[in-house]
1. Which whole-percent values make up P(r) of segment B:72-316 when all C-alpha to C-alpha distances are grouped in 5 Å steps starting at zero?
2. Suppose we keep just the DSSP beta bridges with both residues in segment A:72-316; what percent of those would be antiparallel, to 5?
3. Given the options B:43, B:139, B:314, which has the most mean-square fluctuation in a GNM of chain B, springs set between C-alpha atoms less than 10 angstrom apart?
4. Eigenvalues of the Cα gyration tensor times 5, then square-rooted: what semi-axes does that give for segment B:322-424, in whole angstrom, largest first?
5. Nearest-5 percent of antiparallel DSSP beta bridges in the protein assembly as shown?
6. Take the alpha carbon atoms of segment B:205-267, find their center, do the same for segment A:380-421, and report the distance between the two centers in whole angstrom.
7. Taking each label point as 7 Å beyond Cα in the direction of the beta carbon, state the distances from residue B:418 to the same residue in the other copies, shortest first, in nm.
8. Taking a temperature of 20 °C and a viscosity of 1.002 mPa s, what whole-number D in µm²/s does Stokes-Einstein yield for segment B:312-375 with Rh from Kirkwood over alpha carbon pairs?
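Values in this text are rule-based calculations from the coordinates and carry no lab data. The structure displayed is predicted, hence computed values, not measured ones. Positions of Cβ are generated from backbone atoms using ideal geometry, with glycine treated the same way; all protein chains shown enter the neighbour counts.
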C-alpha cells in the first residue's frame, strides 16, 4: 500500500499541534480558576483580546466574548457544510436573530433590517432620500458627527443640490434643554432632514435626540439618528425615541462579531426605502411589503454568521447582569476622567451625569498639549491604546470602559498620562 | 478560596469536548490514510460538505477546502485579539491578498478592488454609470442573464430613463462566430453599455466575450462583464479579455469562503467609479488616485477575513494541480450529460467543447418533463441537490462538478434521473 509520506506526516503534525493547543488552553483555564479572584476576572477572560496591551479603545471596534465568537464560527461551519440547506433557511434564521434584537431594542421585527455597520445604515437612508431631496432642501446636523457619514451626506448633496449643514454645538455641554434650544435654532423652513448621532464619535456625548425627534415630527422634518455607539452601551428603546430612521452597530457594545448592525425604519416611512445594492428582492414596478429585508438584506451570497450570533450575544449580556456591568463601567469612566482632569486641571466637557455618557467618555486634556505626541508616548512606552486627538480647538482623550477593563489598567493610564503630560505641553 | 463550581465545571467540560473532537479527528485522519486510495479521496476529504447528501450544485454557492477555511477563521481570531493593530495593517493585508489575486487573474493590483460578491460588483458599476446614462441610451444584454443583476440594471434604468435590452440568444449554440454575430446585430447607435455574463447562470454557457469586448472598444461602447462563475473554473486572464469592467466571485470556484469577490476596472475607466457605500475614502471635491480601494472597499468596520484567504486559496489550487482537477471535472461533466441526454433522447444545448463550458454544464431534459417534480424526487428520494428548472421553453438540469465530486455520485444522479424521468413527463 502506498501512502504519500509527506502528506501523512503533515496531517499528523497538524492534529498534534491542535492537541497541544487544546492542552495549553486547559492548563490556562485551570490556572485562571486557581489564581484569579474577584467577580470581573471571569468575564475578562471571556474576551479574546491580547492581554499584553492596555486596550481602552473599545468604542472604535468593539470586542466579542468567546461564547458569542464560538457561536459565530459554528454558524460559519454550518454554512460551509451545507450551503444549499443553510440558504434555504436563510429567512427563518435571520428572523430568529431579528426577533430577540427587536425585543432588546424595544421595537417590532418588521421595523428592523440587518446591515454591515452603521455607516452602511446611514448610506441606505441617504441613498433612499436621494430620489426625494431638492436643491432648496437642507439636511441639518451638528459639528460632532462621524467623518465617514459626513462624507455620505456630502455625496448625496453633490447628486441632489441639497445642502448639508453642520451646526456648531458648543462645549462644554450643560443641560439637555440648552442643547436642544441651540440645535433647534438651526431649523428653518428648508430643513427637510435632521441627521444626528445619538452618541457622538469624537466627543462621546449622548445627545438629547428624543426631544429633537419629537419636535421634528411635529414640524414635518425627517429624523435620521446614527446610534453607532449606542446598542449595548445605553438602554435603547427605539419606539420611545420616535426617530424615523435609526441605525446602530451591534459589534461595538453588544459584543457580536464585527460587521453586524441594524437599520430601524418606522413602518410609516418604509415606503421611502430604496435598495442600495439591488439583488433578488427588488423588482421593477413592484413594491415590497418588507423593504428592510428585500431591499436592504438581499444582495447575493455572503456570510451571515455575524447576525445569527445576536441571540447568543443578548443572552450573554443577560446572564452577566449587564445593567451592573454597565453601571460599574460608568463609575470607572467617571472616576478615571476626574483623576486625569484634576491632575491636569482641565474643565470637563460635560457634567457627571449618565444622561451625557455611559461607558465611553471624552476626557479633556490641556489645550496647549500636543495630542499626537501624548498618544504616541502612551502607545510606544506603555502599550496603551486610546485615541488622543485635537478636535475643534479642544484636546480629547476618548476613554472606553468595557466589561473586560480592569481598575489596574485604568491606573496604568492615569499614571502614564501623569508622567508624559508635561513633556507634551509646549 | 472560593471558585464558582458550576462555571469551573463548565469550562472543563468545554475543554474536554474539544480534546475529544481533536482525538476523533486524529483517528479519522489515520483511518483515511490507512483505508482510502486513489488520488481524489484526499482532496474530497478536504471539503467540509456533508457527505450524506449528493451535492451537485457547487455553482450556486461554492465550497471551501479545510486549509483555506482554517485560514479564514484564523484571521478572524487575529482581528478579535487586537482590532486596533489589525485595522492599522488593513491596507497592507488587503494588498497582500490583492497581489497574488492580480497575478492569478493576469492583471495588475491597481485595477482590482474587493467586493462581497459579483452582484455587488455589478451594482458598483451600474451605480457609477447612473451619473452618465441618458434617456436615449441603451444597455445591451442577453436573455441568459442572472435575475438579481437584471434587477440592478432595471433599477438604474428607472433612475436614468435608459433602456435595458435583453437580446434573445438562441439555443443550441453552435459556434462562437455565430453567437457574436447574433449578439452584435443588437448593437445600434444608442448602445452605450454592453452587459454580459462570461458564464451564464441558467444555461452555464461561456460566452465569447473577448471578441465582443474588442468590437465594443472599437465602437466606443463600455463593456461590463459578469464573471460570477468564472474565476477558478476557467483560466482567466483579464488583460487578454479587454473588458472595461469585470466582476467575479472567488467563493464559487476558487474555494475562498462565501462573500469574497473582486471588481476589475481598467485603469483608463477608473475615473468613472463612484462610491456605492460612501465611507472614509470619498471626500467632496477630491478625486482619489485609487478609487477601487477608497470608493469600493472603505465602508466601515467589518470582517475582511474572507479576502485575506486568497493567498491560501490560490496556493491550494496550485498544490493540487488544478489544471488536472479541472480537466477531470470537465470530462466527468461531459460524460454525465451524455449519459443523461442519450438516455432521455434530448439535443445538447452546446457542443462538447471546453470553449463552451468547463465544470458546470446545462443538461437538457425533455421539453414535456415537469422540472419541479423531477427536482423534488431527486431531493426527497435520493438526497441529490441539483437545480432543475424550465428556462425559456427548455428544461435544464444544471450540473456542477468540483474537485470533491466522485464518479459514484454522478452514477447515483444518472440512475435516479433514469428512474424518475418517465413519471415526470406528462
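1. P(r) over segment B:72-316, rounded to whole percents: 1, 6, 14, 18, 19, 17, 11, 7, 4, 2, 1, 0.
2. 35
3. Largest GNM mean-square fluctuation: B:43.
4. 22, 16, 11
5. 55
6. 49
7. The projected label point of residue B:418 is separated from its counterparts by 8.6 nm.
8. 159
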